[in-house]
Amino acid sequence: MLKLGLTGSIASGKSTVLAEFAARGVPVFSADAAVHELYRGAAVAPIEAAFPGTAKAGEVDRVALSRQLLAAPGRLAELEAIVHPLVRARVAQFLRDAEASGADLAVVDVPLLFETGFDYGLDKIVVTSVDDATLRQRALARPGMSVEKLDAILARQMPQAEKRRRADYIVDTAGPLSDTRQRVAELVDQLTQGHR
């Protein structure tokens, strides 16, 4: 089974591309979705212990946590030390399950794949990309996003040009959705043809 990583900067189209892989029957995993689940489960107690006042009604309040991290960006490593091992365990289980199911291809979406330096045993990497102006426009349209918050996020992320340089495959999402769909369909065909 080919283990394909998916990454890219904020608002570069990762979720759209992941959904297109899933629509073609490819098993997919979203690290962001896993974090959302962990913030309602296994990560709540350790995050509250490290960042008091961030747990409300049995789950992590992401707004309160973001506020604390914006005030003390140096503490991000503490949060990552809690969350990343939990996500890695889920990725490993997902890949075992996908392989056991007989899948030819499985896709793991990890937004900070290059930044964390952890490769998850992936075989190839797809990077989503879009011009910087479109990226900022998309990101700033998100609920709760501000210029300050976006700039803080982008400062932690590798520049898009470097991500593209490290990619095995690039999906440019600046055009119409039909173009993105076609590119993903071509990738699925290319990556699974040796398994048919």
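The values are calculated or read from the model by the stated rules, or taken from the named source; none is laboratory data. On a predicted model such as this, the values are computed, not experimentally measured, just so you know. Cβ: placed from backbone, ideal geometry, glycine included. Neighbour counts: every protein chain shown.
Looking only at residues of the stretch 37-46 that are outside any helix (DSSP H, G or I) and touching a residue at least 24 places away in the same chain (Cβ under 8 Å), we find that the one that is surrounded by the fewest Cβ atoms within 10 Å (Cβ to Cβ) is ALA42. One residue alone among ALA34, ALA49 is in contact with a Lys or Arg (Cβ under 9 Å, 6 or more places away or on another chain) and outside any loop (DSSP other than H, G, I, E, B), and that residue is ALA34.
For the stretch 52-67, the set of residues classified as assigned to a helix (DSSP H, G or I) and surrounded by fewer than 17 Cβ atoms within 10 Å (Cβ to Cβ) consists of ARG62, VAL63, ALA64, SER66, ARG67, listed by residue number.
What is the residue count in the stretch 103-123 for residues that are over 23 Å from GLU186 (Cβ atoms) and either modelled with pLDDT of 95 or more or not hydroxyl-bearing (Ser, Thr, Tyr) (or both)? Please lay out each step first, then the result.
Taking the stretch 103-123 as the starting set, the residues that turn out to be over 23 Å from GLU186 (Cβ atoms) are 111-112, 114-121.
Now narrow it down to the ones that are either modelled with pLDDT of 95 or more or not hydroxyl-bearing (Ser, Thr, Tyr) (or both): 111-112, 114-115, 117-119, 121.
Residues meeting the conditions: 8.
Residues considered: GLY25, GLY8, GLY117. Of these, the only one that is at positive phi and either touching a strand residue (DSSP E or B) at 6+ places or on another chain (Cβ under 6 Å) or crowded, with 16+ Cβ neighbours inside 10 Å (or both) is GLY8.
Being assigned to a loop (DSSP other than H, G, I, E, B), more than 19 Å from the chain's Cα centre (by Cα) and not basic (Lys, Arg), is that true of even one residue in the stretch 70-79? So far as the stretch 70-79 goes, yes, one or more of its residues are assigned to a loop (DSSP other than H, G, I, E, B), more than 19 Å from the chain's Cα centre (by Cα) and not basic (Lys, Arg).
Candidates in the stretch 128-144 are the residues that are over 22 Å from GLN182 (Cα atoms) and buried (at least 16 other Cβ atoms within 10 Å of the Cβ); of these, the one that is farthest from the chain's Cα centre (by Cα) is ARG136. Can you find even one residue in the stretch 148-161 that is surrounded by 12 or more Cβ atoms within 10 Å (Cβ to Cβ) and more than 12 Å from ILE10 (Cα to Cα)? No; the residues of the stretch 148-161 include none that is surrounded by 12 or more Cβ atoms within 10 Å (Cβ to Cβ) and more than 12 Å from ILE10 (Cα to Cα).
Evaluating ARG96 against the criteria (1) surrounded by 13 or more Cβ atoms within 10 Å (Cβ to Cβ); (2) not in a loop (DSSP other than H, G, I, E, B) leaves one unmet condition, (1). From the list VAL28, VAL63, VAL17, the one residue that fits, being in contact (Cβ under 8 Å) with a residue 60 or more places away in the chain, farther than 19 Å from PRO111 by Cα and either out of contact with any helix residue (DSSP H, G or I) (no Cβ under 7 Å at 6 or more places or on another chain) or of a type in the set (A, V, I, L, M, F, W, C) (or both), is VAL63. For the stretch 99-123, a residue qualifies if it is outside any loop (DSSP other than H, G, I, E, B) and either over 17 Å from THR7 (Cα atoms) or in contact with a Gly (Cβ under 7 Å, 6 or more places away or on another chain) (or both), and the qualifying residues are GLU99, ALA100, VAL108, LEU113.
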